[in-house]
């Protein structure tokens, strides 16, 4: 790894992504055992600095950090000095002065992790910044696809939903293209910016056309708060056009897998039968998330400052 | 400058003798298994398993162990060691494990390997087999089965190659001035 931080997939090379995925396989063995913990990062300190609510990502990072034997502190924002008006940098410097070796950050503004990475000696791991990136989600998705399909190269992978506001989609597009997949984006024109074509993806504004023949379907969570802003008329209409139903899944390859980063809106972007069905790998994504986050922390710990 | 310490015949003879010693000491192969330390130890463990099978007509399980997560030098290395697979597809609890490595040097890898094994289960015994013992122990660790003892200087390097890696079977001593 070249950088002490994981800011986005955009900043990673194909080799670095593959190194993270290979390393994660070793950690997957560990978390499947009775003793799910290794002493690798004993004595290090991890601080979860979440300025946006998150249960699964924060819990996943917390478990990853604990299973590497680091001490973990959750610096939850409503109870901290941030509400008293402490600046972002001051908060981060304080966290570092407390002895943090890893700072896991989620923030509503894009670019916050990049700003902190320049100011701090600690390793900064981006757990989601605004509409920019959510790199560990893309890494766990790539890991899951590789595990299920044996490869990523040449696979037809569709990402469905609100691409414009989704950091998960953005990180996945960067990652899957670097790994050689053929990426399709499916959704209404209001939720797919035209210029995203330049990244080398194909855009479909029709669900049936888009899902035909794909190996992997990645459903995105529709963010209810966007509905008011007129990006789509109603959840009912969204669901009518873009929900993954049995009839639509039937158009994908027979051995297609279905993914979702969670939390799901059942019945809106995906029907329950599919979410809980044999093609769904949604719960495996959650398990793999811990292994991938352990791999990221392990590799960043080895980067010399 | 390099010097050949063992060729393919020497290695084969040493492995054959070690296989006999393992069977003798354990009075057969009952509840016995081999675990090779990644990566050189894995090839050696597989060869020992084949030899033991030839002699006793009994298959004994062989696995591989990666010790990266248990190393004591993670803070001082230039980069993190590459993580390789740990594949021990059998229950180790109550088994006699022969831990296998290519070169025994400071003993720190063996310490890490023992910790890793203890996290996987509770073996009834751990024994140690190495192809080369080059001295310079930093921990109170001793091999039960040794292919060849080779006194070395700290500045020298012992390289063990196997055909499985696409090279010929050979043990080489690299002298100090080369490094």
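The values are calculated or read from the model by the stated rules, or taken from the named source; none is laboratory data. Since this is a predicted model, take the numbers as computed values, not measurements. Cβ placement follows ideal geometry from the backbone for every residue including glycine, while neighbour counts extend to all protein chains displayed.
Of the strands (runs of 3 or more DSSP E) lying entirely inside the stretch B:1-104, those carrying at least 3 residues that are under 29 Å from residue A:298 (Cα atoms) are B:32-37, B:62-65, B:96-104.
The one condition from (1) modelled with pLDDT of 95 or more; (2) farther than 30 Å from residue A:304 by Cβ; (3) more than 14 Å from every other protein chain (Cβ to nearest Cβ) that residue B:104 does not meet is (2). Consider the stretch A:257-279 and keep the residues that are surrounded by 20 or more Cβ atoms within 10 Å (Cβ to Cβ) and over 13 Å from the mean Cα position of the chain (by Cα). The one that is nearest to the other protein chains (Cβ to nearest Cβ) is A:257. Is one or more of the residues making up the stretch A:34-54 under 16 Å from residue B:80 (Cα atoms), within 14 Å of chain B (Cβ to nearest Cβ) and in a helix (DSSP H, G or I)? Within the stretch A:34-54, none of the residues are under 16 Å from residue B:80 (Cα atoms), within 14 Å of chain B (Cβ to nearest Cβ) and in a helix (DSSP H, G or I). Every condition in (1) at pLDDT below 95; (2) touching a strand residue (DSSP E or B) at 6+ places or on another chain (Cβ under 9 Å); (3) within 14 Å of chain B (Cβ to nearest Cβ) is met by residue A:99 except one, and the failing one is (3). If you go through the stretch B:115-142 and pick out every residue that is surrounded by fewer than 21 Cβ atoms within 10 Å (Cβ to Cβ), touching a helix residue (DSSP H, G or I) at 6+ places or on another chain (Cβ under 9 Å) and farther than 13 Å from residue B:34 by Cα, you end up with 5. Which members of the stretch A:255-298 meet the condition of being closer than 30 Å to residue A:41 by Cα and at pLDDT below 95? Residue satisfying the conditions is A:262 alone. Before we move on, is residue B:95 surrounded by 17 or more Cβ atoms within 10 Å (Cβ to Cβ), in contact with a strand residue (DSSP E or B) (Cβ under 6 Å, 6 or more places away or on another chain) and more than 19 Å from residue B:39 (Cβ to Cβ)? Against the criterion (surrounded by 17 or more Cβ atoms within 10 Å (Cβ to Cβ), in contact with a strand residue (DSSP E or B) (Cβ under 6 Å, 6 or more places away or on another chain) and more than 19 Å from residue B:39 (Cβ to Cβ)), residue B:95 qualifies.
If you go through the stretch B:60-91 and keep only what is within 7 Å of chain A (Cβ to nearest Cβ), over 17 Å from residue A:19 (Cα atoms) and at pLDDT 90 or above, you end up with just B:70. Among the residues of the stretch B:157-175, those that are in contact with a helix residue (DSSP H, G or I) (Cβ under 6 Å, 6 or more places away or on another chain) and either farther than 20 Å from residue B:129 by Cα or outside any loop (DSSP other than H, G, I, E, B) (or both) comprise B:160, B:164. Looking across the stretch A:110-133, just one residue is at pLDDT 95 or above, surrounded by fewer than 24 Cβ atoms within 10 Å (Cβ to Cβ) and within 20 Å of residue A:218 (Cα to Cα), and that is A:132.
Residue B:119 satisfies every condition listed in (1) assigned to a loop (DSSP other than H, G, I, E, B); (2) out of contact with any strand residue (DSSP E or B) (no Cβ under 9 Å at 6 or more places or on another chain) except (1). Among residues of the stretch A:27-54 being closer than 18 Å to residue A:126 by Cβ and out of contact with any helix residue (DSSP H, G or I) (no Cβ under 7 Å at 6 or more places or on another chain), the one that is surrounded by the fewest Cβ atoms within 10 Å (Cβ to Cβ) is A:53. Within the stretch B:92-101, the only residue that satisfies the criterion of being within 14 Å of another protein chain (Cβ to nearest Cβ) and either more than 15 Å from residue B:31 (Cβ to Cβ) or under 18 Å from the mean Cα position of the chain (by Cα) (or both) is B:92.
Checking residue A:73 against (1) on the phi > 0 side of the Ramachandran plot; (2) surrounded by fewer than 19 Cβ atoms within 10 Å (Cβ to Cβ); (3) assigned to a strand (DSSP E or B), only one condition comes out false. Which one? So the condition that residue A:73 fails would be (1). Screening residue B:147 with (1) part of a strand (DSSP E or B); (2) closer than 24 Å to residue B:68 by Cβ gives one miss only, at (2). Out of A:23, A:57, A:79, A:91, I need the residue that is within 14 Å of chain B (Cβ to nearest Cβ) and either farther than 26 Å from residue B:77 by Cβ or modelled with pLDDT of 95 or more (or both). Which one? None of the other options fit; the residue is A:23. Does residue A:289 meet the test of being away from chain B (no Cβ under 14 Å) and in a helix (DSSP H, G or I)? It is true that residue A:289 is away from chain B (no Cβ under 14 Å) and in a helix (DSSP H, G or I).
Regarding the stretch A:202-212, can at least one residue be identified that is surrounded by fewer than 19 Cβ atoms within 10 Å (Cβ to Cβ), touching a residue at least 12 places away in the same chain (Cβ under 8 Å) and either assigned by TED's automatic domain parsing to the domain that holds residue A:101 or farther than 23 Å from residue A:241 by Cα (or both)? So far as the stretch A:202-212 goes, no, none of its residues is surrounded by fewer than 19 Cβ atoms within 10 Å (Cβ to Cβ), touching a residue at least 12 places away in the same chain (Cβ under 8 Å) and either assigned by TED's automatic domain parsing to the domain that holds residue A:101 or farther than 23 Å from residue A:241 by Cα (or both).
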